[in-house]
Number of protein chains: 2
Amino acid sequence: MAFTTLNEVAKEAGCSANTVSRYINKKGYISMDAAEKIQKAIEKLNYYPSINARAMKKYSSNIISVIIPSIKNDFYVEIIREAENKLKEYGYNVMIFETRSDADKEKYILELSISHRVDGIIMSSISNLSDKLLNTITNINRIPLVLMEILHEGVDCDYIYMQNEYGAMILTEHLIKIHDKKRIGLILPLLENNVSIQRFEGYKKALEKNGIKYDDNLVVFCEINKANGYKHTVELLKDKNPDAIFTSNTIFGTGAIKAFDEMKVKYPKDISFVTFDEYDINTLFHPYITSLHRVDKKFGILAADLVIEQILKKRNNPKKIEIDLSLNIGESCGCK
Amino acid sequence: MAFTTLNEVAKEAGCSANTVSRYINKKGYISMDAAEKIQKAIEKLNYYPSINARAMKKYSSNIISVIIPSIKNDFYVEIIREAENKLKEYGYNVMIFETRSDADKEKYILELSISHRVDGIIMSSISNLSDKLLNTITNINRIPLVLMEILHEGVDCDYIYMQNEYGAMILTEHLIKIHDKKRIGLILPLLENNVSIQRFEGYKKALEKNGIKYDDNLVVFCEINKANGYKHTVELLKDKNPDAIFTSNTIFGTGAIKAFDEMKVKYPKDISFVTFDEYDINTLFHPYITSLHRVDKKFGILAADLVIEQILKKRNNPKKIEIDLSLNIGESCGCK
DNA sequence: CTGTTAGCGCATTCAA
DNA sequence: TTGAATGCGCTAACAG
């Protein structure tokens, strides 16, 4: 591989490297004549500045890490896009990473981000497994950090978080109070996932408030994939006689839809169906699927604003922003 | 921000920076004693090597750029994941970029990749707008390059490409020959997109071969988004009396599904419906949607192998790998 | 307005 | 087995 350097451009333009640098960074004054020659040299030699060298010199990479569980999830993709657009306004580039909800990969990506000397990290971490490393990042390395979705006790940084427990509760309660459901099947990610724990708590709270005994036959914990959503919906329908199904995310939700389709179980006629997250697919075709609405959906923009604030204003008193949830009534629960 | 350096680790461990470097890179011999002290120092000081400094020294960043039109598209997401897994086997990290099919962004990302001194680029570029830059990359900078989806005449690098024209032809011909359709509505991306051109050609060829006159009222070119898929399906249905709809990608496809749903047009009863790409959503619920099957679906792995070959074996005779397409019959066209 | 100098953090010579 | 010296490409300080 072969790359032109600043020095080569300088030589070609008949000036010093410093002048070229100032031209590129638009710092200080440069004569028209020099500017022209430099521009020509840059084009002639196909010069592209080395980000590595620049980052070393400036103690700043101009990169923000955006780390999410999955890019196969519209919710997170929107966050990335919003954050990227916002950050670009301030001249930052984004490195996109997905953890696949894997603790080792999460750790690897965080360490990689430190090694890249990124100027900030926006992350959706749904377990506590990286908390120690996150503490190093924010306290020792002092990299501006924004965590999304849930609070990590003991990691003192900016947060944008949802009321997962409350959300699961109102969704469950809707099924109980409005549609008189008593046997609500729930499909959840494994409990090492804190979001899962919170949604599980919300479900149980709704039952308790409404005098329904918790039946652990109706609750399934499994790895997040469509196949599991399908499989466990089939099993619930076959063996557990549920009068409703509540999937904790859209991946499980699509598995459930497939199961309903194959078993010729129609919602809401034969069973009520609700899912936590609000996605495109929920209203792709009728019956529309009941879910929860994030009152402020701009996680990505909010997160970007928080990092930028930390960087530019050197703010270091952490902020916590709570995202409200409300019912997003469709037809799948039995309404309309 | 504050980061520990190799020198600080060396001081803490009571040895030279060189020894620490050799320890980290597992190169050359090191006494057990030294190794232990160094490891302790690394942990105590939270040392994470600077990728920037390393890249400068080694003329190699260990990064491969994977550039795709959209991360909101399962086809590309799979490519990313496959490539990432494969590349990690060889010790490479991946930088993920999406161009949103925007020529300026495409150029920006390519230049950014050069500036990062990436060790290779895997890209799906569906226009010819960056061909000049791609030539610089492969001929001047000599960065290993693999292009996906379509051939770019004049860019001499590795390719993994599909028979877009053939695919559109057999899909159209299926509608004509098997289901006796004569007025097939087609929704395509704008023609600056080469994939679009090829699929359009395939459509026309199928009509011609079967003695059907081309009617440009039935063909729509528009920007790729769901709203356009919806809008143009509605318009076709209302005004153009089509007996089939062919959407050129899944984004348009979901828009079409929404339009069918709202207008209470049932496929395949009222109209035939086919879409080019094979996605999860096609078989999420019945009727399953007829599409094209990529005989070798591992674009990502193939691409990673090609870059690795270029890097490790210093291969520079370009390879072209063609991906075959075959009909993937569902029910939406009218077949059972 | 421009050039000279120094040093960012690291890996790679070469000596010892 | 280890240390000292060097330089990757760039920008910031300082001189001129």
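The values are calculated or read from the model by the stated rules, or taken from the named source; none is laboratory data. Bear in mind the structure is a predicted one, so any value in this text is a computation, not a measurement. Because the Cβ atoms are built from the backbone with ideal geometry, glycine has one as well, and the counts that use them run over all protein chains shown.
The residue list A:115, A:50 contains one member that is polar (S, T, N, Q), modelled with pLDDT of 95 or more and within 15 Å of residue A:6 (Cβ to Cβ), which is A:50. If only residues of region B:299-315 that are in contact (Cβ under 8 Å) with a residue 60 or more places away in the chain and over 21 Å from residue B:78 (Cα atoms) are counted, the one that is surrounded by the most Cβ atoms within 10 Å (Cβ to Cβ) is B:310.
Filter region A:169-188 down to the residues that are in a helix (DSSP H, G or I) and not basic (Lys, Arg), then identify the one that is farthest from residue A:334 (Cα to Cα).
A:169
Looking at this structure, is residue A:65 under 22 Å from residue B:59 (Cα atoms) and either surrounded by 22 or more Cβ atoms within 10 Å (Cβ to Cβ) or within 16 Å of DNA strand C (Cβ to nearest atom) (or both)? Taking the combined requirement at face value, the residue does not satisfy it.
When residue B:87 is tested against the conditions (1) part of a helix (DSSP H, G or I); (2) more than 16 Å from DNA strand C (Cβ to nearest atom); (3) farther than 25 Å from residue B:311 by Cα, the lone failure is (3). Restricting attention to region B:26-50, the residues being in a helix (DSSP H, G or I) and within 11 Å of DNA strand D (Cβ to nearest atom) number 7. Screening the candidates A:311, A:224, A:251 for the property of being farther than 18 Å from residue A:172 by Cβ and assigned by TED's automatic domain parsing to the domain that holds residue A:120 yields one hit, A:311. For region B:51-72, state whether one or more residues are away from DNA strand D (no atom under 12 Å from the Cβ), part of a helix (DSSP H, G or I) and either touching a Gly at 6+ places or on another chain (Cβ under 8 Å) or not aliphatic (A, V, I, L, M) (or both). No, region B:51-72 contains no residue that is away from DNA strand D (no atom under 12 Å from the Cβ), part of a helix (DSSP H, G or I) and either touching a Gly at 6+ places or on another chain (Cβ under 8 Å) or not aliphatic (A, V, I, L, M) (or both). Here is the figure for region A:191-243: residues that are more than 21 Å from residue A:179 (Cβ to Cβ), assigned to a helix (DSSP H, G or I) and among the acidic types (Asp, Glu) total 4.
Scanning region B:138-150 for residues that are surrounded by 24 or more Cβ atoms within 10 Å (Cβ to Cβ) and within 14 Å of another protein chain (Cβ to nearest Cβ) turns up B:143, B:144, B:145.
With the structure loaded, tell me whether residue A:114 is more than 16 Å from DNA strand C (Cβ to nearest atom) and either outside any helix (DSSP H, G or I) or closer than 29 Å to residue B:59 by Cα (or both) or whether it fails that test. Taking the combined requirement at face value, the residue does not satisfy it.
Could you give me the residue pairs with C-beta distances under 8 Å whose first residue belongs to region B:24-42 and is under 19 Å from residue B:54 (Cβ atoms), whose second residue is in a loop (DSSP other than H, G, I, E, B) and more than 7 Å from DNA strand D (Cβ to nearest atom) wherever it lies, and which are 6+ apart or on separate chains? Close Cβ pairs (under 8 Å, with a partner that is in a loop (DSSP other than H, G, I, E, B) and more than 7 Å from DNA strand D (Cβ to nearest atom)) amount to B:24/B:49; B:41/B:47.
Here's the yes/no breakdown for (1) away from chain B (no Cβ under 11 Å); (2) over 26 Å from residue B:1 (Cα atoms):
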| residue | (1), (2) |
| --- | --- |
| A:15 | yes, yes |
| A:28 | yes, yes |
| A:36 | yes, yes |
| A:73 | no, yes |
| A:76 | no, yes |
| A:79 | yes, no |
| A:87 | yes, no |
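Residues that are more than 7 Å from DNA strand C (Cβ to nearest atom), surrounded by 15 or more Cβ atoms within 10 Å (Cβ to Cβ) and not basic (Lys, Arg) within region A:11-34 comprise A:12, A:13, A:20, A:21, A:23, A:24, listed in sequence order. Do we have any residue at all in region B:252-265 that's surrounded by fewer than 17 Cβ atoms within 10 Å (Cβ to Cβ) and either more than 14 Å from chain A (Cβ to nearest Cβ) or in a loop (DSSP other than H, G, I, E, B) (or both)? Among the residues of region B:252-265, at least one is surrounded by fewer than 17 Cβ atoms within 10 Å (Cβ to Cβ) and either more than 14 Å from chain A (Cβ to nearest Cβ) or in a loop (DSSP other than H, G, I, E, B) (or both), which makes the answer yes.
Inspect all residues belonging to region B:60-74 and state whether any of them is under 15 Å from the mean Cα position of the chain (by Cα) and of a type in the set (D, E, K, R).
Taking every residue of region B:60-74 in turn, at least one turns out to be under 15 Å from the mean Cα position of the chain (by Cα) and of a type in the set (D, E, K, R).
Counting only residues that are under 17 Å from residue B:175 (Cβ atoms) and in a strand (DSSP E or B), region B:266-294 holds 8 of them.
In summary, residue A:60 fulfils each of the numbered conditions (1) more than 16 Å from DNA strand C (Cβ to nearest atom); (2) surrounded by fewer than 19 Cβ atoms within 10 Å (Cβ to Cβ) with the single exception of condition (1). For residue A:92, the conditions (1) surrounded by fewer than 21 Cβ atoms within 10 Å (Cβ to Cβ); (2) more than 9 Å from chain B (Cβ to nearest Cβ) all hold with the exception of (1).
Just name the residue that is farthest from the other protein chains (Cβ to nearest Cβ) out of those in region B:270-288 that are of a type in the set (A, V, I, L, M) and more than 20 Å from residue B:76 (Cα to Cα). The extreme case among them is B:274. Exactly one residue out of A:53, A:2, A:41 is within 13 Å of another protein chain (Cβ to nearest Cβ) and either closer than 30 Å to residue A:142 by Cβ or crowded, with 19+ Cβ neighbours inside 10 Å (or both): that is A:53.
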